[in-house]
Amino acid sequence: MTETYDPENIFAKILKGEIPSNKVYEDDLTFAFMDIMPRADGHTLVIPKNQARNILDVDSVDLAAVMTSVQKIARGLVQAFDADGILIQQFNEPAAGQIVYHLHFHVIPRHEGVKLKPPASEMADQEILQSNAYRLRAAL
Ligand code: AMP
C-alpha cells in the first residue's frame, strides 16, 4: 500500500489550531477531543500529534503514547458518564471505513440496553459537546 499522509487533513488542521475542537486532554505526543458526530454522549477521539495516516504507518512510540491516552480517556469516561462499558474503534483505509486520514481511536462509552447512533449520522450541538468535554476533563 503506498498511501501517504496528507498534512491538510482535518485533524492536522485541529492540531495546528486552524479549526476549533472540543479538547479534553493533551500531552507531548497525543491530543484528545470530542467527536463532532458522536455515536453516544462522551464519544472521544484520541490522536497522535506526530503525522500518521493510520495504524499501518504510525511510529511505535507514538502508538504506545496514544494507547496510554486511550486508556486514560476510557477510565475518565467510566467515571464521568457512569459507563457500563467502553468501546474502542479504529479504522484503517477506506475498505475498513476510515474517513479521516490521521490516525485516531474512537473511545465510546456504552450503557446496557442503549444502542449506538449510526456512524457520522448527526452533528451534535456545540453546547452539548462543550459540556461533555467539561464533564470528561473534570474526571481526568
Ligand atoms: P473514521 O475515519 O471512519 O474513524 O471517521 C472519522 C470520525 O471523525 C467520525 O466519527 C467523524 O464524526 C469525526 N470527525 C470528522 N470531522 C471532525 C471534526 N472536525 N471534529 C471532531 N470529529 C470529527
Please calculate the 1.4 Å probe accessible area of Met37, with all protein chains present, and give it to the nearest 10 Å². 60 Å²
Of the options Val24, Val107, Leu136, report the single residue whose Cα projects farthest towards the positive end of the charge dipole of the chain (beta-carbon charges: Lys, Arg +1; Asp, Glu -1). Leu136
Which value, in debye to the nearest 20, gives the size of the charge dipole of segment 42-114 about its Cα centre, when Lys and Arg are +1 and Asp and Glu are -1 at the Cβ? 140 debye
Using a 10 Å cut-off on Cβ atoms, rank the peptides 102-111, 8-17, 46-55 from the highest mean neighbour count down. 102-111, 46-55, 8-17
Assuming a ≥ b ≥ c are the square roots of the Cα gyration tensor eigenvalues, decide whether segment 10-139 counts as rounded (a/c under 1.5), prolate (otherwise, with a/b larger than b/c) or oblate. rounded
Ignoring ligands, DNA and RNA, how do Val78, Val100 rank by accessible area with a 1.4 Å probe, largest first? Val78, Val100
Exposure ranking of Asp82, Asp27, Asp41, Asp35 by accessible area [1.4 Å probe, largest first]: Asp82, Asp41, Asp27, Asp35
What aspartates and glutamates sit close enough to Lys13 to cross-link, taking a C-alpha to C-alpha distance under 16 Å and skipping anything fewer than 8 places away on the same chain? Glu26, Asp35
Once amide H atoms are built 1.01 Å from N in the peptide plane, which residues 5 or more positions from Val24, or in another chain, come under 5 Å H to H? Ala32, Phe33, Met34
Over the chain, what is the relative contact order in whole percent, taking alpha-carbon pairs under 8 Å and six or more residues apart? 31 percent
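When the accessible area of the chain is split by element with a 1.4 Å probe, what percent falls to carbon and sulfur?
53 percent
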Which order do the peptides 89-98, 127-136 come out in when sorted by mean C-beta neighbours inside 10 angstrom, highest first? 127-136, 89-98
Counting Lys and Arg as +1 and Asp and Glu as -1, each charge on the Cβ, what is the dipole of the chain about the Cα centre in debye, to the nearest 20? 300 debye
For the chain, what is the calculated [θ] at 222 nm in deg cm²/dmol (nearest 500), taking -39500 (n - 2.57) for each run of four or more DSSP H residues and dividing by its residue count? -9500 deg cm²/dmol
Under the Karplus relation 6.51 cos²θ - 1.76 cosθ + 1.60, θ = phi - 60°, what is the ordered set of whole-Hz ³J(HN,Hα) values for segment 23-38, x standing for Gly and Pro? 5, 10, 6, 8, 9, 4, 10, 9, 9, 10, 8, 6, 5, 6, 10, x
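The values are calculated or read from the model by the stated rules, or taken from the named source; none is laboratory data. Predicted, not measured: the structure shown is a model, and the values here were computed from it. Note that each Cβ is placed from the backbone with ideal geometry, even for glycine, and that neighbours are counted across all protein chains shown. Just the protein is used for accessible areas: all its heavy atoms, side chains included, with ligands, DNA and RNA removed. Shrake-Rupley method; radii C 1.70, N 1.55, O 1.52, S 1.80 Å.
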